[in-house]
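Below is one structure, written out as structure tokens; the observations come after it.
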Amino acid sequence: MAEPKTELPEVIVVGRPIVFQFYDEQLLQKFRILKPWESSLPLEQFICTHAQSVQAMICSPNRIGSQISSSLLRLLPSLRLIVTTSTGVDHIDLVECRRRGISVASAATLFSEDVADFSVGLLIDVLRKISSADRFVKKGLWPLQGHFPLSSKVGSRKVGIVGLGSIGLKVAQRLEAFGCIISYISRKKKPAVSYPYYPDVRELATKCDVLVTCCALTDQTRHLINKEVLMTLGKKGVIINIARGAIINEMELVQCLKQGEIAGAGLDVFENEPNVPEELLSLDNVVLTRHVACHTEESFKATYELVCGNLEALFLNKPLLSPVLDE
């Protein structure tokens, strides 16, 4: 006689994480995945139909409608765990989660190596004009114009790291190998590193000609990089952002770039994704990518394994693998 089939635990997904494009079938073998985007019902109505049975959620901050707000959480009285596929958790109402005893797990330092590599790549591209040179050749301008503007050296640049966490430290280590001079701002001074520390971002900008933002988005860091900071960075200055778009005041950045107040920018993130300010599209000193700094085959496989590990830990009453809040 065949054994009765064990019912898989239900997991609701909000934000349609990109990892589902690659590991959907594997997840479906372990959990009953509830996908609101496949339903004709509005999100809140869809959630309400599963409210009593759902104990776990997977979410991503990179999609429209992916904010895990207190009003959304109130629709899920049985929810015990939220697993986000991102390092940042600014899209989750942690205060409400703490109040209700909902655990939160993140990608932790999973993406640090890949994002650090990408940050350095953006800086090299902006300074050495790689994307600009690529367009120059592909448009057939080489035989017509011949001359191409000189680029700038990467080594010996004075680089300020905004947020010396796991990603920021790896960016610093990589750029130090290029001969760059590193300093940083962070929530507090890091005793284990020898880089000069500055408690104020404008003071950091006075010492640097490159800023790389690697910090989390919080109320304190929203629009941390504004016109005043950019003007202090100066006309030879470059800004690289692989953190969150809203850390930079985007419209003030656009104006500084258009007016030549800074030399260039490499941006993987934007304030209102997927919308990018149209003025940036025509600027040859700006390199734009679509929030893909952590997107590698290796990181997505590791993300799938970490998501599954955290979910299995919940349902087996074991410690979470990467807790942010663990009630």
### Task
Quick one: divide the alpha-carbon radius of gyration of region 53-98 by 2.2 N^0.38 Å and tell me what you get.
1.06
### Query
P(r) of region 123-207 in 5 Å steps, Cα pairs, percent per bin?
3, 13, 20, 17, 13, 9, 9, 7, 5, 3, 1, 0
### Task
Take every Cα-Cα pair in region 58-215 and report what % of them are more than 22 Å apart.
58 percent
### Query
Given the chain, what percent of its DSSP beta bridges are antiparallel, to the nearest 5?
10 percent
### Query
Ranked from highest to lowest mean number of other Cβ atoms within 10 Å per residue, what is the order of the peptides 308-316, 154-162, 112-120?
112-120, 154-162, 308-316
### Task
Work out from phi, with θ = phi - 60° and the Karplus expression 6.51 cos²θ - 1.76 cosθ + 1.60, the ³J(HN,Hα) of each residue of region 129-144, listed in order in whole Hz, and give x for Gly and Pro.
6, 5, 5, 5, 5, 4, 5, 4, 6, 5, 7, x, 7, 4, x, 7
### Task
Please express the Cα-Cα pair-distance distribution P(r) of the chain as a list of whole percents, one per 10 Å bin, running from 0 to the bin with the greatest distance.
5, 24, 29, 22, 14, 5, 1, 0
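Only the coordinates and a few stated rules stand behind these numbers; no lab work does. Owing to the predicted nature of the structure, the values given are computational and were not obtained by experimental measurement. For neighbour counting, all protein chains shown are included, and Cβ atoms are generated from backbone atoms with ideal geometry for every residue, glycine included.
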